[in-house]
Amino acid sequence: MNRIFALSWLTFKEGIRDRALMGICIIALVMLFATIVFTGVFGYDLGKVLVDLNLSTIAFAGLLLTFFVNINLMAKDIDKRTIYCVLSKPLSRTEYILGKYLGLILLVCIALFFLLVFSSGIIAIVKSMYSEIFFKNFSWYCFFQAYFYQMLMFFILNAVVIFFSSVSTSSFLVLLFTIATYITGQTIEEVMVFFKKEALGQNTSAVNHWVIDIAQYIFPNFSAFDIKTLASHGKFLPLEHTTALVGYSLIYTILLLFFASMIFNKREIT
Amino acid sequence: MMAKSIKVYTLLLACVLIYIFAFFQLKEERQRFLELNFMDFTLPSQFTGPVSLEFKGITADFLLFKFMAFLGGRVQDLKEEYPRYPDYTYQSLDAITDLDPYYWDAYLFSEMFLAWSGNPKEANKILEKARLHLSNDYRPSYYIGFNNHYFLKDFKTASKYLMEASKLPGCPYYIAALAARLSVYSFQHRDGILFLKEMLKNTNDKRARKEFELRIATLEFLEMLEKKVTEYHADFGKYPEVLEDLVKVKLIDKIPEDPYKGKFVLMSNGRVYTTSKMLPY
């Protein structure tokens, strides 16, 4: 266990040193500052716009971090051949996968927590600038709940990065596959609903239904973790919903890491 | 060395001056371009929904911002000179409320820029979405009711929506009174009485109670008089010519006084109406 934590700490430290991380954080901070100006442009639902802008900025920063920093962190080990040093230590390949995953997650958690603190400050400032009437539906609980759901989504997305990194040595391919999985995960529900609605009264092939049904089990349903719109209107989701999504996120992550370690164990590292 | 510096600074100054000139020129050109090329389309939500991934809320904000910028201060000009104005407004607000069905600003705009621009039916279509999603908010039903009453002159439908609105939290008491008045226009007296009695039970506001009691009394008179007219018709095979005929044949002792100080009038179809229209005297 200590070996896993040591590797995750190393991965985290390596990530912190990445200049891209600094750039992403600066962009996110500028975007968060901009919300002070943009919120005032709207007429009535200022609380909704404020929460939308803040949560979207945090999500956007998390995506940039995952796609451009974390994928690089995984690829660097093989590109710079440092993986040989790591694996020559008494460390199994499964431990390597777990250590790397925990390091990536730690990086995302800390970076996004920093943005959350900053964003909360911005919200408090904007709230104090306008009358309470414009923030009738605003709720801190909902804001933090949406952030928590966002984190659950990043747990899976980073496991997807680990999975594709164990399959491919090219960081470009990993990026491509991860973005494709993310887009599929975000749209699969809508495609299904659309498909079923469009199919009403038409003779669609059974194969299509079959493919769509299979796809929804294979691809992670990322849109289930997106409660930003609900949070912006102060709609709090019940504990059962949260528990179900925590379970979904954990199980999907464990399965991905399991398959990643299985593939990585059989892989020739040259 | 000095001469070189002067050259560099002169060049720099020239660049800045050219930039300023070009900037103003560009601004002017751009304005002309924008005036010539309306961005009068909003992609439907079937496309914007999936494309905006997990950023639907912020996309809805952006589209609303774009809509506001498009209208700017020229709503009146657009309404008069621009034939696509209702289509563009409807498409934009429809897409925005599909992306975020709880977005009150967009619903408010549909009332402001569609209903009040001669398109109340389109406004009602969008407000129906609000009624579905903001089920605890009285405003969507109130606005639909108002549009039916004021623009479409469909009093029966208006009364139905206003009654629905008045049962929701935060609804001002006068909406209930308006609903009952409209039920009179559409001759739904019994509906109006039951509705007002229900409202009376749930309000502690003295002004509202007084108003409701007056309306209930008026509606009960109207209902009673119409019943007597029907009895007259059954007895004599024709409608009375005036309400006084009911007194003559002793179906009633006297014609009741309208609590709103108007006069009850018999219409040719046997229905009874009040000249006060149940408006405060």
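Bear in mind that the values in this text are calculations on the coordinates, not laboratory data. Keep in mind the model is a prediction, meaning the values are calculated, not measured. Glycine also receives a Cβ, built like all others from the backbone with ideal geometry; neighbour counts cover every protein chain displayed.
Do the alpha carbons of any pairs in B:Lys167/B:Lys227; B:Lys228/B:Lys277; A:Lys127/A:Lys235; B:Lys129/B:Lys153; B:Lys121/B:Lys227 sit beyond 25 Å of each other, and which pairs? Could you put the intermediate results ahead of the total?
Values: B:Lys167/B:Lys227 29 Å; B:Lys228/B:Lys277 21 Å; A:Lys127/A:Lys235 18 Å; B:Lys129/B:Lys153 22 Å; B:Lys121/B:Lys227 36 Å.
B:Lys167/B:Lys227; B:Lys121/B:Lys227, as the Cα separations exceed 25 Å there.
When only alpha carbons are used to place a centre, the stretch A:1-64 and the stretch B:82-146 end up 34 Å from one another. With just the Cα atoms defining each centre, how far is the stretch B:159-180 from the stretch A:221-256? Give it in Å. If we compute the Cα centre of each part, the gap is 38 Å. Selection among A:Phe33, B:Asn124, A:Tyr217 by position relative to the dipole of the protein assembly as shown gives A:Phe33 as farthest towards the positive end (Cβ unit charges, Cα centre). Relative to the longest principal Cα axis of chain B, at what angle does helix B:155-166 sit, 0 to 90 degrees, rounded to 10? The helix B:155-166 is inclined about 70 degrees to chain B.
Average partner chain C-beta neighbours within 10 Å, per residue of B:102-112? Can you show the working numbers first?
Details: counts 9, 8, 7, 7, 2, 1, 3, 2, 0, 0, 1.
For peptide B:102-112, the averaged partner shielding equals 4.
The alpha-carbon of A:Lys100 sits under 20 angstrom from the alpha-carbons of these lysines, leaving out residues fewer than 8 places away in its chain: A:Lys13, A:Lys76, A:Lys80, A:Lys89, A:Lys266. Applying D = kT/(6 pi eta Rh) to the protein assembly as shown, where Rh is the Kirkwood radius over alpha-carbon pairs, T corresponds to 10 °C and eta to 1.306 mPa s, the Stokes-Einstein value obtained is 55 µm²/s.
Is there a simple number for the mean count of other chain Cβ atoms within 10 Å of the Cβ of residues in A:54-60, and what is it? Mind dumping the intermediate values first?
Values: counts 1, 4, 7, 1, 0, 4, 3.
The shielding value for this peptide is 3.
Let's test the formula: R0 of 30 Å, r as the Cβ-Cβ distance of B:Met112 and B:Thr275. What FRET efficiency results, to the nearest 0.05? Display every interim value, and only then the final one.
Numbers: r = 34 Å, r/R0 = 1.15.
Working from the Cβ atoms, E equals 0.30.
Values of log10 I(q)/I(0) for chain B across q = 0.08, 0.10, 0.13, 0.15 Å⁻¹ run -0.55, -0.72, -0.94, -1.08, by the Debye formula with one identical scatterer at each alpha carbon and no solvent. Exposure proxy ranking for A:Cys109, A:Cys142, based on other Cβ atoms within 10 angstrom of each Cβ and starting from the fewest, stands as A:Cys109, A:Cys142. Each stretch of four or more DSSP H residues adds -39500 (n - 2.57); spread over every residue of the protein assembly as shown, this sum gives -24000 deg cm²/dmol at 222 nm.
For each of B:Arg271, A:Arg81, count neighbouring Cβ atoms within 10 Å of the residue's Cβ, then give the residues from fewest to most. Before the final figure, lay out the partial values.
Values: B:Arg271 15, A:Arg81 10.
With the fewest neighbours first, B:Arg271, A:Arg81 line up as A:Arg81, B:Arg271.
Calculate the FRET efficiency for B:Gln46 and A:Met1 from the Cβ-Cβ distance with a Förster distance of 45 Å, rounded to the nearest 0.05.
After rounding to 0.05, the efficiency reads 0.35.
Extending 7 Å from Cα along the Cβ direction at A:Asn265 and again at B:Lys27 yields two label points whose distance is 6.8 nm. The angle separating the long axis of helix B:56-71 from the principal Cα axis of greatest extent in chain B is about 90 degrees. Neighbour counting of Cβ atoms within 10 Å sorts the residues B:Tyr103, B:Tyr85, fewest neighbours leading, into B:Tyr85, B:Tyr103.
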